[in-house]
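Handing you this structure, nothing more for now.
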Amino acid sequence: MDKIKDTRSFMRITHRYLGYFMAGIMVIYALSGVLLIYRDTDFLKREKIYDKVIAKNLSEKELGKELKIKNFEVLKTENNIIRFKEGSYNTLTGQANYTKKELPFVLDKMTKLHKAKSEDRLSPLNAFFGICLFFFVISSFWMFNPKSKPFKRGVKFTIAGLVISIILLLI
């Protein structure tokens, strides 16, 4: 019985203080997650004008990749000038003039949290965040006595959440 009480006490205390520590990080992840839902719209984005010199003689595919323009499409090419919806590119000089709609600096940095790859400097934070969330899920089952009504109700809500998530994933 003491071992069960010690485990429950450890889980509750760790859950509490790790939760307070993670609250700030969760606010950032929550806001940036909502922003990412609307990344295919211009929600909160501002138009930014670019005028820069890049590599010469890029193909259409290379140009779209270099400028990091999604759904890049060339409208026409004439006299070594490639014209596209967002601007133009001179294949002889490498001069590119174009506009892009982007999130403000801070919001853009926030959304990069969700997009981090293993080689990015933010990847340890993402891994830590994921591990903490998993701990919160597991430790929440030590918040109440397993024979209590809140615990039993909590298990039902957990099952409902799992079932709804699986159904939405499969649709």
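Trypsin sites (Lys or Arg not before Pro), restricted to the stretch 70-171: which are DSSP loop and have at most 16 other Cβ atoms within 10 Å?
Details: sites: K70, K76, R83, K85, K100, K101, K109, K112, K115, K117, R121, K147, K152, R153, K156; in loops: K70, K85, K117, R121, K147.
Listed in order of number, the matching sites are K70, K85, K117, R121, K147.
Rounded to a whole number, what is D in µm²/s for the stretch 27-124 from Stokes-Einstein with the Kirkwood radius over alpha-carbon pairs (20 °C, 1.002 mPa s)?
This corresponds to a translational diffusion coefficient of 141 µm²/s.
Accessible area per residue, 1.4 Å probe, Å², for the chain: what's the number? Each step should come with its number before you reach the end.
Values: 12950 Å² over 171 residues.
For the chain, the per-residue accessible area is 76 Å².
Using a 1.4 Å probe over the heavy atoms of the protein chains, calculate the carbon and sulfur portion of the accessible area of the chain as a whole percent. It would help to have the intermediate numbers written out before the result.
Working: 8120 of 12950 Å².
With neighbouring chains kept in place, the figure for the chain is 63 percent.
Could you state the principal axis extents of the C-alpha atoms in the stretch 88-148, from the largest down, to the nearest angstrom?
Ordered largest first, the stretch 88-148 gives principal extents of 75, 23, 15 Å.
Which net charge results for the neighbourhood of D40, defined as the other residues with beta-carbon distances under 12 angstrom from its beta-carbon, given Lys and Arg at +1 and Asp and Glu at -1? Could you put the intermediate results ahead of the total?
Working: positive: R39, K45, K70, K101; negative: D42.
Cβ neighbours under 12 Å give a net charge of +3.
Ignoring everything but the protein chains, give the 1.4 Å probe accessible area of L122 in square angstrom, nearest 10.
In the full protein context, L122 sits at about 50 Å².
May I ask which of K68/K117; K61/K101; K115/K152 have a Cα-Cα span longer than 27 Å here?
Details: K68/K117 17 Å; K61/K101 20 Å; K115/K152 37 Å.
K115/K152, as the Cα separations exceed 27 Å there.
Measure nothing fancy, just the Cα-based angle from helix 2-37's long axis to the longest principal axis of the chain, in degrees from 0 to 90, nearest 10.
20 degrees
Further question on the same structure: Whole percent per 5 Å bin, from 0 to the bin with the longest distance: what is P(r) over all C-alpha pairs of the stretch 5-73?
Cα pair-distance distribution for the stretch 5-73, in percent: 3, 12, 12, 12, 11, 10, 9, 7, 6, 6, 5, 4, 2, 1, 0.
Here's a follow-up. Tell me which of V106, G94, Y38 sits at the most positive position along the dipole axis of the stretch 35-112, charges placed on C-beta atoms (Lys, Arg +1; Asp, Glu -1).
The Cα lying farthest towards the positive end belongs to V106.
Mind checking the dipole of the chain: about its Cα centre, +1 per Lys or Arg Cβ, -1 per Asp or Glu Cβ, Debye to the nearest 20?
On the way: 30 positive and 16 negative charges, 187 e Å.
Charge dipole of the chain: 900 debye, to the nearest 20.
For the stretch 1-49 and the stretch 78-108, what is the separation of their Cα centres, given in Å?
A separation of 37 Å, based on Cα centres.
What number, in percent, do you get for the relative contact order of the chain if the mean sequence gap of Cα pairs under 8 Å and at least 6 apart is divided by its residue count?
26 percent.
For the chain, find the longest principal axis of its Cα atoms and tell me its angle to the long axis of helix 123-139, 0 to 90°, nearest 10.
So the inclination is approximately 30 degrees.
Enumerate by residue number the GluC sites (Glu not before Pro) in the stretch 80-171 meeting two conditions: DSSP loop (anything except H, G, I, E, B), and at most 11 other Cβ atoms within 10 Å of the site's Cβ.
Details: sites: E86, E102, E119; in loops: E86, E119.
Answer in residue order: E119.
Using the Cα centre as the reference, give the magnitude of the dipole from point charges on the C-beta atoms of the stretch 41-128 (Lys, Arg: +1; Asp, Glu: -1; all else neutral), rounded to the nearest 20 debye. Before the final figure, lay out the partial values.
Numbers: 19 positive and 13 negative charges, 41 e Å.
The calculated dipole for the stretch 41-128 is roughly 200 debye.
Tell me the net charge near M143. Cut-off is 11 Å between Cβ atoms, M143 excluded, with +1 for each Lys or Arg and -1 for each Asp or Glu.
Working: positive: R8, R12, R16; negative: none.
Residues near M143 contribute +3 overall.
The values are calculated or read from the model by the stated rules, or taken from the named source; none is laboratory data. Keep in mind that what you see is a predicted model, and the values were worked out from it rather than measured. In this analysis, Cβ positions are derived from the backbone assuming ideal geometry, glycine residues included, and neighbour counts consider all displayed protein chains. Heads up: the accessible areas ignore ligands, DNA and RNA and are worked out on the full protein's heavy atoms, side chains in. Shrake-Rupley method; radii C 1.70, N 1.55, O 1.52, S 1.80 Å.
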